[in-house]
Amino acid sequence: MSSPYIAWAVIFILVPLGMVLYYGLTDNAGSFTFQNVARIAEPGYMKALLRSIELSLISTLICFILAYPLGLILSSMKLERDTFLVTLFILPMWMNFLLRTLTWMTLLEGKGVINTVLTFLHLPTINIINTPGAIILGMVYNFLPFMILPIYNALSRIDENVINAARDLGAGQLQTFLRIILPLSLPGIISGITMVFIPALTTFAISTMLGGSKILLIGNIIEQQFTQVYDWHLGSGLSIVLMIFILINMIIENLADKEGGTI
């Protein structure tokens with residue numbers, strides 16, 4: 001029964017990963033080398049990587065600040081998974097990713113919808129397009145549902161009797177939150193952080209459309225190596241660096257899940 005999935009995984013997961021490893025660890029002559037990976041230390045590539053990490057961390061933090069209170073509100077309302085309110089937060093994920101980003105591009109551009117309305121109201125216009133702020137806004141908008149759902153699921157699974165027991169034993173609201181709710185929701189938090197940070201770190205479409213190709217992230221550089229420069233070896237070598245970050249996030253998530261299971 002699992003053979004179709006195994007074939008799919010081999011063809012579309014293992015083979016592409018194998019190609020990335022092969023090109024990333026070889027030169028044009030096919031000889032083994034770490035030079036492609038080591039070039040991440042060059043000033044231009046390192047600057048793009050650090051900028052990507054910075055914007056990804058900021059976006060992840062904003063998503064968490066927005067998602068956790070919302071998760072608490074939704075879980076306290078005892079909503080079913082198929083209720084209309086929960087569906088509203090999943091609905092944006094049904095729309096094409098590029099279309100969602102293109103919408104923000106239309107809203108934020110110099111003569112876009114927002115500035116048109118501000119001009120009509122005789123208010124100062126904003127110049128956020130082609131800035132790091134626009135990229136962060138695009139990341140938060142696109143990836144926020146991936147933070148909300150894991151946190152909401154973790155909070156909704158907390159037994160209300162545990163919270164009531166803490167209150168019966170004299171714990172206040174803050175103490176109950178810090179010692180009961182927050183630790184029990186930690187697996188959902190870690191999962192949400194991983195699901196937001198990884199795509200934010202590797203994205204290139206958002207920075208291209210909302211950054212106007214003026215702000216290069218590491219994803220943009222990798223995309224250019226494959227589609228414009230046609231240097232698959234360097235592009236794969238830089239991709240291996242991002243794969244290392246992804247593996248580190250997966251290890252942290254697995255450790256958090258194991259700790260969460262022991263609570």
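Worth a mention:
- Considering the range 25-43, and only residues there that are closer than 15 Å to residue 237 by Cα and in a helix (DSSP H, G or I), the residue that is nearest to the chain's Cα centre (by Cα) turns out to be 40.
- Looking only at the range 127-153, and only at residues there that are closer than 16 Å to residue 199 by Cα and either in contact with a strand residue (DSSP E or B) (Cβ under 6 Å, 6 or more places away or on another chain) or aromatic (Phe, Trp, Tyr) (or both), the one that is surrounded by the fewest Cβ atoms within 10 Å (Cβ to Cβ): 141
- Condition met for residue 243 (at pLDDT below 90 and surrounded by fewer than 18 Cβ atoms within 10 Å (Cβ to Cβ)): no
- Qualifying residue in the range 162-184 (condition: within 30 Å of residue 245 (Cβ to Cβ), in contact (Cβ under 8 Å) with a residue 40 or more places away in the chain and surrounded by fewer than 18 Cβ atoms within 10 Å (Cβ to Cβ)): yes
- Residues considered: 101, 106. Of these, the only one that is without any contact (Cβ under 8 Å) to a residue 40 or more places away in the chain and either surrounded by 14 or more Cβ atoms within 10 Å (Cβ to Cβ) or part of a helix (DSSP H, G or I) (or both) is 106.
- In the range 136-152, the residues that are within 16 Å of residue 86 (Cα to Cα) form Cβ pairs under 6 Å with partners that are assigned to a helix (DSSP H, G or I) and of a type in the set (S, T, N, Q), at six or more places apart or across chains, as follows: 150/191.
- Residue within the range 54-71 that is in a helix (DSSP H, G or I), of a type in the set (D, E, K, R) and modelled with pLDDT of 90 or more present: yes
- Residues that are of a type outside the set (A, V, I, L, M) and surrounded by 11 or more Cβ atoms within 10 Å (Cβ to Cβ) were ranked within the range 9-24; the one that is farthest from residue 235 (Cα to Cα) is 18.
- Residue 6 being in contact with a Leu (Cβ under 9 Å, 6 or more places away or on another chain), among the aliphatic types (A, V, I, L, M) and surrounded by fewer than 17 Cβ atoms within 10 Å (Cβ to Cβ): no
- Residue match in the range 34-50 (condition: more than 30 Å from residue 216 (Cα to Cα) and touching a Gly at 6+ places or on another chain (Cβ under 9 Å)): no
- Between 128, 148, 90, the distinction of being on the phi < 0 side of the Ramachandran plot, assigned to a loop (DSSP other than H, G, I, E, B) and of a type in the set (A, V, I, L, M) belongs to 128 only.
The values are calculated or read from the model by the stated rules, or taken from the named source; none is laboratory data. Owing to the predicted nature of the structure, the values given are computational and were not obtained by experimental measurement. Methodologically, a virtual Cβ is constructed for each residue, glycine included, from the backbone with ideal geometry; neighbour enumeration extends over all protein chains shown.
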